[in-house]
1. For the structure I just gave you, tell me whether Ala59 is over 29 Å from Arg114 (Cα atoms), free of Cβ contacts under 8 Å to residues at least 40 places away in the same chain and of a type in the set (Gly, Ala, Ser).
2. For the range 14-37, state whether one or more residues are under 17 Å from Ser113 (Cα atoms) and among the hydroxyl-bearing types (Ser, Thr, Tyr).
3. Show the residue pairs meeting these rules: Cβ distance below 6 Å; 6+ apart or different chains; first residue within the range 21-34 and at pLDDT 90 or above; second residue surrounded by 13 or more Cβ atoms within 10 Å (Cβ to Cβ) and β-branched (Val, Ile, Thr).
4. With the requirement that a residue be touching a Pro at 6+ places or on another chain (Cβ under 7 Å) and aliphatic (A, V, I, L, M), what does the range 21-46 give you?
5. Looking at the range 92-115, I want the residues that are closer than 29 Å to Val44 by Cα and free of Cβ contacts under 8 Å to residues at least 40 places away in the same chain and have a partner that is in a loop (DSSP other than H, G, I, E, B) and not small (Gly, Ala, Ser) with Cβ atoms under 7 Å, at least 6 apart or on another chain. Which pairs are those?
Amino acid sequence: MKRFASWRIAAGAVVLACLTGFLGLLVPSYLRNREFQDFLDRTVSSEGAHQMSPGALQASVADGAGRIGLPVAPDQVRVRRTADDLRIEVRYAVRVEIPLYTVDLHFRPAAMSRRK
């Protein structure tokens, strides 16, 4: 069995540390998106949502996103309603600043509910 040079082990540790750091910077955005998805599911399931106007729903969803810390404006919220269905779609991006690199993570959560 060959012995690995200590510099190779150190280089591997540095690469692993960098990947862990990148993961630590990206994961919070995905967790907030999951929380927002749960909020959308609760919103479309509530009976009051079927009574609200599309503009009021857009404002309510944008406000809920703001409470979670997401950059969502009312014009990024799309509300589609039929006689029995309510569908809310949101498109937004979160900018993550990584040293020497900036990435925009694009999310598109959606929720649908049928009136019972």
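1. Here the answer is no, as Ala59 does not meet what is asked.
2. no
3. Filtered contacts from the range 21-34: Ser29/Val94; Arg32/Ile68.
4. Matches in the range 21-46: Leu40 only.
5. Every condition considered, the pairs that remain are Tyr92/Leu70; Tyr92/Pro71; Tyr92/Val72; Arg108/Arg91; Arg114/Asp84.
Conditions tested, residue by residue: (1) over 17 Å from the mean Cα position of the chain (by Cα); (2) at negative phi; (3) not small (Gly, Ala, Ser).
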site	(1), (2), (3)
Ala10	yes, yes, no
Gly24	no, yes, no
His50	yes, yes, yes
Leu57	yes, yes, yes
Val77	no, yes, yes
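The values are calculated or read from the model by the stated rules, or taken from the named source; none is laboratory data. The structure displayed is predicted, hence computed values, not measured ones. Glycine also receives a Cβ, built like all others from the backbone with ideal geometry; neighbour counts cover every protein chain displayed.
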